[in-house]
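Please treat every number below as a calculation from the coordinates, not as lab data. Source: prediction; values computed, not measured. FYI the Cβ positions are ideal-geometry reconstructions off the backbone, even for glycines, and counts take in every protein chain you see.
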Amino acid sequence: MNYIGIDEDVAAGEIKALNSLLASYQVFYQNLRGFHWNIKGEKFFGLHEKFEEYYTAAAEDIDAIAERILTIGGAPLHSISQYLKESKIREVTEVSEARTAVESILEQYIELVNLERPILDQSAEANDEGTNSLISDLLAKQEKTIWMLSSWLK
């Protein structure tokens, strides 16, 4: 058992999954920054502000994920090369059109949710309430955002 009472082998699996999520979040964050900086057109003002809201929230989530990795005895990834290698989300460049940016953000939120659901199951089985709570909170926010982005696209 580690110092917070989680089996070390189980924690190692969680750490691996959380680091993959962290890497994906970091690429997602940078994609959001790019959309924020490069959006053009009649929807500029609203989307420029919305994308800033998204990347600000993502930065807070990134910190929470990294701190959870540390809490359960791991070391968070912290280099660009590691992020690019481990991320399930790919870099998106040269997008300035509103619909394309929103579609991309929607796809990336869906990918994050797909990464988080197995972590939720894994942490529940490990009786790791801290990780479970973190991931549950992320999922609730992201599911609502997915609904909103989907509605915007209709």
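Here are a few things to note about the model shown:
- This ranking places LEU134, LEU22 by how few other beta-carbon atoms lie within 10 Å of each, fewest first, which gives LEU134, LEU22.
- For region 108-154, the relative contact order works out to 43 percent when only alpha carbon pairs closer than 8 Å and six or more residues apart are counted.
- Taking other C-beta atoms within 10 angstrom as a stand-in for reagent exposure, LEU120, LEU138 fall in the order LEU120, LEU138, fewest first.
- Percent of C-alpha pairs per 5 Å bin, the chain, short to long: 2, 10, 19, 22, 18, 13, 8, 5, 3, 1, 0, 0
- Dipole axis of region 50-136 (+1 Lys, Arg; -1 Asp, Glu on Cβ), positive-most option in ILE62, VAL92, SER123: VAL92
- Gaussian network model of the chain, springs between alpha carbon atoms under 10 Å - residue of ILE105, ILE39, ILE119 with greatest fluctuation: ILE39
- Under 12 Å from LYS154, Cα to Cα: aspartates and glutamates that are on another chain or at least 8 residues apart: GLU103
- Relative contact order for the chain: 32 percent, from Cα pairs under 8 Å spaced at least 6 residues apart, divided by residue count.
- Our note on the geometry: Cα centres of region 5-41 and region 85-132, 7 Å apart.
- Axis of helix 44-71 versus longest Cα principal axis of the chain: the two differ by about 10°, to the nearest ten degrees.
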